[in-house]
Amino acid sequence: MTDEAKTWFITGATSGIGRELTTAALRRGDNVAALARKADGLDDLARRFGTTLLTVPADVRDEAAVQTAVQRTVETFGRIDVVANNAGYGLFGAVEEAGDAQARAVFDTNVFGVLNVLRATLPVLRAQRSGHILQGSSVYGQSAHPGVGLLSATKYAVEGLSDALAAEVAPLGIRVTIVQPRFTATGFLSNLDVATAKPDYDGTVRAVQQAIGELTATDFADAGDIAAALLGVVDADAAPLRLALGTASAESMRTALQARLRDLDETAAVTAAV
Ligand SMILES: NC(=O)c1ccc[n+]([C@@H]2O[C@H](COP(=O)([O-])OP(=O)(O)OC[C@H]3O[C@@H](n4cnc5c(N)ncnc54)[C@H](OP(=O)(O)O)[C@@H]3O)[C@@H](O)[C@H]2O)c1
């Protein structure tokens, strides 16, 4: 890869992983178009890094705002090298507990927001015949347990569309990496939407909720370490399609994948009879 400064397009840039990624990219001299619902949350970075940071107010659910953000990025920096589809939030509760509005809302941001960003940025990447898309997934992109059904559903959706996307855009010189961090110390847990509890789920969903509440600092990755890993991935010659960040994430997904393979093996006779 070239040593030239890259131009990043990062959603959810005001906090957590997005903010660390924005800061790390700027610190090494890259350009960043940082999308944020409250753009003044990046004022300190604007003062520190000047014209290499373009702050754009945008809610990822607003397709027109995302398209305007892309236009401004290209007007300012001339290109986009890395798209980080990072904005997202979680919904906690049993599948049955999550109301229709809550379920649709989390898909609106975590899935339809991602699609808005893809539709807006891909014409630029296709014209360049280059670019790297980082798709924000999670340990919950391949595994799930009680309480995270709707969150997992959004991340599984992102992973499914990304598998197809990667094959569609590879011949056009564009790379896709699905990013699967473990629990990370950000505002994610305090920003969770929580469904109204039904007592029948006390032994499953509420037990998990309690266990999550009892996690200690060592159970969480540092968002700066996630950002550093992502910088390494976009600089490498070969891009992985999937990137587990944290052994806990890798092990949860390994267990889930092995269970799926076991199901395939154990039902092979039924499968073959059809
Ligand atoms: N933290 C973890 O344990 C963990 C683990 C695996 C994966 N992830 C994923 O990492 C990504 C970043 O999360 P985080 O941990 O950094 O949490 P965070 O600190 O809560 O950051 C989430 C960011 O997304 C933005 N956002 C949410 N909805 C948005 C919308 N509709 N339009 C634009 N921006 C929106 C938030 O903006 P506002 O400030 O305006 O709300 C915020 O900047 C998420 O996709 C999450 O699923 C997190």
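Some observations on this one:
Residues are listed down the side, and each one gets a yes or a no for (1) exposed (fewer than 13 other Cβ atoms within 10 Å of the Cβ); (2) within 11 Å of the ligand (Cβ to nearest atom):
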position: E159; (1), (2): no, no
position: P181; (1), (2): no, yes
position: T196; (1), (2): yes, no
position: F220; (1), (2): no, yes
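- Condition check for T73: more than 15 Å from the ligand (Cβ to nearest atom) and touching a Ser or Thr at 6+ places or on another chain (Cβ under 9 Å): yes
- Cβ-Cβ under 6 Å pairs, at least 6 apart or on other chains, region 228-250 side under 21 Å from A25 (Cα atoms) and more than 16 Å from the ligand (Cβ to nearest atom), far side in a strand (DSSP E or B) and of a type in the set (D, E, K, R): A239/R175
- Options L125, L91, L115: the member that is touching an Asp or Glu at 6+ places or on another chain (Cβ under 6 Å) and modelled with pLDDT of 95 or more: L91
- Condition check for V169: among the hydrophobic types (A, V, I, L, M, F, W, C), touching a strand residue (DSSP E or B) at 6+ places or on another chain (Cβ under 8 Å) and away from the ligand (no atom under 12 Å from the Cβ): yes
- Note on region 79-198: enclosed strands (runs of 3 or more DSSP E) holding 2 or more residues that are over 15 Å from the mean Cα position of the chain (by Cα) are 174-181.
- Residue within region 222-232 that is more than 13 Å from T177 (Cα to Cα) and either more than 17 Å from the chain's Cα centre (by Cα) or outside any helix (DSSP H, G or I) (or both) present: yes
- Qualifying positions in region 86-99 - in contact with a Phe, Trp or Tyr (Cβ under 9 Å, 6 or more places away or on another chain) and within 30 Å of A34 (Cβ to Cβ): G88, Y89, G90
The values are calculated or read from the model by the stated rules, or taken from the named source; none is laboratory data. Computed from a prediction, not measured in an experiment: that's the story for all the values here. So basically every Cβ, Gly included, is an ideal-geometry build from the backbone, and we count neighbours across all protein chains shown.
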